[in-house]
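Encoded as structure tokens, the structure appears first; notes follow it.
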Amino acid sequence: MPKNIVRIKKVRSSICQVTLEDGQILELDAGLCNERLRTGLVLSEADIAKLEFDSQAYQAASRALWCLSNRDYGERELISRLVRSGFTREVATIAADQVKSLGLIDDLKYATSTAYRLFERGKSKAQVEQELMKRELSRQIVADALSETEPDPRQQLRKLLEHASSSRFETPLGAAKFAQSLLRRGFKRSDIRAVFREYHIEMEFTN
């Protein structure tokens, strides 16, 4: 049964309460209310359902913009973030599509910048790949980002050795422990051996 709107009241910066003639109160996005509603407007049940859905989409889009103002996200990662905030996956996907259409989401750019930053911190290719997959990026995006940013692993190892305390290499056992830590980080045994030889560091792997 159609119902008239008898009152529209802003209760928070982003929310309006819309009171219908039978006493039903709808809490809707303030922007949506300003665009579509007025006192005296008649709403059908279908109209009400659409308003409630669209209000959620407005709120999700606002939340998405807030998230992106704090840091970059990939598309799937942003959708998951919105779902954790209480939005349905359908609404979260619509919101992600909206911000993507504004050019605010670019999975390859996000993956590439993240990979570059992690490599600069001395992470191995395996560690960077694992971190990118955690961010719900597709395997193809991850592969493309790694192909663009992966440094020479031996050059990475040289930097790590140069910044490490020389006391770590005073004995073969100490050098072996450091080598094991590099293995756990995902560097290859052959690369570690080769770089250690360059620096005349004596060691044997413990396993």
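Projecting the Cα atoms of Leu118, Ser101, Met1 onto the charge dipole of the chain (Cβ charges, centred on the Cα centre) puts Leu118 farthest toward the positive pole.
P(r) for segment 80-178, from all Cα pairs and a bin width of 5 Å, is 2, 12, 16, 15, 14, 12, 9, 7, 5, 4, 3, 1 %, short bins first. Towards the positive end of the charge dipole of segment 43-174, with charges on Cβ (+1 Lys, Arg; -1 Asp, Glu), say which of Trp66, Gly86, Ser166 has the farthest Cα. Towards the positive end, the residue furthest out is Ser166.
Using only Cα atoms and rounding to the nearest 10 degrees, what angle (0 to 90) does helix 45-70 make with the longest principal axis of the chain? It is inclined by approximately 30 degrees. Computed over segment 3-125, the P(r) tail beyond 20 angstrom holds 53 percent of alpha carbon pairs. The value of relative contact order for the chain, using C-alpha pairs under 8 Å at least six residues apart, is 13 percent.
Annotation: per residue accessible area for segment 62-207 equals 59 Å², rounded to a whole number [probe 1.4 Å, protein chains only].
Packing order of peptides 73-79, 171-177, highest average first: 73-79, 171-177 (average count of other Cβ atoms within 10 Å over each peptide's residues). Looking at segment 19-64, the trypsin sites (Lys or Arg not before Pro) that sit in a DSSP loop and have at most 12 other Cβ atoms within 10 Å of their own Cβ are Arg38. Compute the FRET efficiency between Ser167 and Ser138 as 1/(1 + (r/R0)^6), taking r as their Cβ-Cβ distance and R0 = 35 Å, and round to the nearest 0.05. The calculated FRET efficiency here is 0.20. Other residues with beta-carbon under 13 Å from the beta-carbon of Thr39 carry, at +1 per Lys or Arg and -1 per Asp or Glu, a net charge of +4. Note on exposure: Met1, Met133 ranked by accessible area (1.4 Å probe, complete protein assembly) read Met1, Met133, with the most exposed listed first.
Taking Cα centre as origin and charging only the Cβ of basic (Lys, Arg, +1) and acidic (Asp, Glu, -1) residues, the dipole magnitude of the chain rounds to 660 debye. Computed from Cα positions, the angle between helix 139-149 and the longest principal axis of the chain comes to roughly 50 degrees.
Between segment 23-76 and segment 103-173, the alpha-carbon centres lie 40 Å apart. Taking only alpha carbon atoms, the chain gives an Rg to Rh ratio of 1.29, where Rh is the Kirkwood radius.
Place +1 on the Cβ of every Lys and Arg and -1 on the Cβ of every Asp and Glu in the chain, take the dipole about the Cα centre, and give the residue among Leu51, Cys16, Leu137 whose Cα lies farthest towards its positive end. Ranked along the dipole, the leading option is Leu137. Entry note, the chain: the mean residue ellipticity at 222 nm calculated from DSSP H runs of n ≥ 4, each adding -39500 (n - 2.57), is -19000 deg cm²/dmol after division by the residues and rounding to the nearest 500. Using only Cα atoms, find the angle between the long axis of helix 107-120 and the longest principal axis of the chain, and express it within 0 to 90 degrees, rounded to the nearest 10. Approximately 30 degrees, to the nearest 10.
The magnitude of the dipole of segment 1-57, with charges of +1 and -1 set on the Cβ of Lys/Arg and Asp/Glu and taken from the Cα centre, is near 280 debye.
Of the solvent-accessible surface of the chain, computed with a 1.4 Å probe and all protein chains present, 48% belongs to carbon and sulfur. Relative contact order for segment 24-105 using alpha-carbon pairs under 8 Å, separation at least 6, rounded to a whole percent? Relative contact order, segment 24-105: 31 percent. Between Val11, Val91, Val195, the Gaussian network model of the chain with springs among Cα atoms under 10 angstrom shows the greatest mean-square fluctuation at Val11. The trypsin sites (Lys or Arg not before Pro) of segment 115-172 meeting both criteria, a DSSP state outside H, G, I, E and B (loop) and at most 14 other C-beta atoms within 10 angstrom of the site's C-beta, are Arg121.
Among the lysines of segment 106-207, pairs at least eight places apart or on separate chains and with Cα atoms under 24 Å apart come to 15. Dipole size of segment 65-159 about its Cα centre, with +1 on Lys/Arg Cβ and -1 on Asp/Glu Cβ: approximately 440 debye, rounded to the nearest 20.
The values are calculated or read from the model by the stated rules, or taken from the named source; none is laboratory data. Here the structure is a predicted model, which means the values were calculated and not measured. Glycine gets a Cβ as well: all are built from the backbone with ideal geometry, and neighbour counts include every protein chain shown. The protein model used for the area step is the full one, side chains on, heavy atoms only, and it has no ligands, DNA or RNA in it. Shrake-Rupley method; radii C 1.70, N 1.55, O 1.52, S 1.80 Å.
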